[in-house]
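Quick notes on the structure that follows.
The values are calculated or read from the model by the stated rules, or taken from the named source; none is laboratory data. Fair warning: this is a prediction, and the values are worked out from it, not measured in the lab. Glycine gets a Cβ as well: all are built from the backbone with ideal geometry, and neighbour counts include every protein chain shown. In case anyone asks, the SASA skips ligands and DNA or RNA and just uses the protein heavy atoms, side chains included. Shrake-Rupley method; radii C 1.70, N 1.55, O 1.52, S 1.80 Å.
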Amino acid sequence: MGGQILGERYEVEHQLGKKSGRWTLQARDLQTEDRVILKVLFLDDSLDATDLKLFKREAEALKLMNHDATPRYRGYFEMALPTHDQAMVLVQTYIEGVSLETCLAESKIFSQAETMAIAHSALRILDSLHNHEPTIIHRDLRPSNILLQPGLPVESAKTFLVDFGTVKALNGGNTAMTMVGTDGYLPPEQAAGRVLAVSDLYSLGATLAECLTGLSPAKLQTKSLRIQFQDHAEITPDFAQWLKTLVAPSLDRRWQSAREALIALEAIS
């Protein structure tokens, strides 16, 4: 596939991901020489209506966003396939970074200082998205969707949030009835089909717990739905309590906004 030209403009460099009916490709824009990401959705008999809805939703969300730590919308086109079916292609900016998932797969255990730096950057992004009009909720925060700027110490590396394929934009009101997300990072209310902006906070907290312990949330013990991470991490009591509040299963015990969580984090020495 490398070298193939799509949309008479984008030269495929390599495939980043492949699922049933969907491809993610890294490509070069022959007009600008910029690297881009192509998300391809095949419009064939196997197409799931939910996949089509989420594909269109991601495109609309990217058009709304204008944050330097998230992808940006670059275009859209359709193309014919050799099977005589069609495919939809979403073009977005390429972000160079190393995912937390990659770091963890290489047995990286993050220190408290490193984890706090990631949390600080991620919360600033979420604060911007959640206060956007309309509110933008990611709904699938996990290690594969958080990237670190390569070549720098974690504490000084820029953090990026990517993969808005399950995003939800709320026009009025503050909840959405839905069921998307990834087990282990999914807050109880989202597992029940309800999502709020603070649902992203829980998913971020579960990701941070994995950074500290090297264990996925699904492998960590739970007690009354609470992730028990503290026995596997070398962290101060203040930060442990902050993180417990971030992953509180009860909505009224969780930080009520990314801004509130950020202010509390900055107060920890």
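For the chain, give the magnitude of the charge dipole about the Cα centre (Cβ charges: +1 Lys/Arg, -1 Asp/Glu; no others), in debye to the nearest 20.
Here the chain has a charge dipole of around 520 debye.
The angle between the Cα long axis of helix 197-213 and the main principal axis of the chain comes to about 70°, on a 0 to 90 degree scale.
Pairs from the table (63/158; 108/223; 219/244; 39/108; 158/219; 19/53) lying more than 19 angstrom apart at Cα are 63/158; 108/223; 39/108; 158/219. Axis of helix 49-64 versus longest Cα principal axis of the chain: the two differ by about 80°, to the nearest ten degrees. Fully extending the segment from residue 133 to residue 155, taken as 0.36 nm per residue of separation minus the present Cα-Cα distance, adds 4.9 nm. A dipole drawn for the chain from +1 and -1 charges on Cβ atoms has a positive end, and of 86, 69, 221 the residue lying farthest that way is 221.
Sorting the segments 130-142, 34-46, 221-233 by their residues' average number of neighbouring beta-carbon atoms within 10 angstrom, most packed first, yields 130-142, 34-46, 221-233. In the elastic network of the chain, a GNM with C-alpha springs shorter than 10 Å, the most mobile of 151, 165, 75 is 151. Between residue 113 and residue 77, the C-beta separation translates, for a Förster distance of 41 Å, into a calculated FRET efficiency of about 0.40. With the simple model of a label 7 Å out from the Cα in the direction of the Cβ, residue 218 to residue 20 spans 1.7 nm. Stretching the chain fully between residue 63 and residue 96 yields a gain of 9.9 nm (0.36 nm per residue, less the alpha carbon separation). Positive contributions from Lys and Arg (+1) and negative ones from Asp and Glu (-1), summed over other residues with Cβ under 15 Å from the Cβ of residue 220, come out at +2. Helix 112-130 and the long axis of the chain differ in direction by around 60°, with both axes built from C-alpha atoms.
Ligands, DNA and RNA left out, the accessible area of the chain computed with a 1.4 Å probe is 47% carbon and sulfur. The modelled label-to-label distance for the pair residue 9/residue 105, using points 7 Å beyond Cα in the direction of Cβ, is 3.1 nm. The simple Förster model, with R0 at 22 Å and r as the Cβ-Cβ distance, assigns residue 226 and residue 260 a FRET efficiency of 0.65.
In the context of the full set of protein chains, the chain has a per residue accessible area of 49 Å² (1.4 Å probe).
Go ahead and run the numbers for FRET between residue 192 and residue 34, Cβ-Cβ distance against an R0 of 41 Å, rounding to 0.05.
Working: r = 42 Å, r/R0 = 1.02.
Once rounded, the FRET efficiency stands at 0.50.
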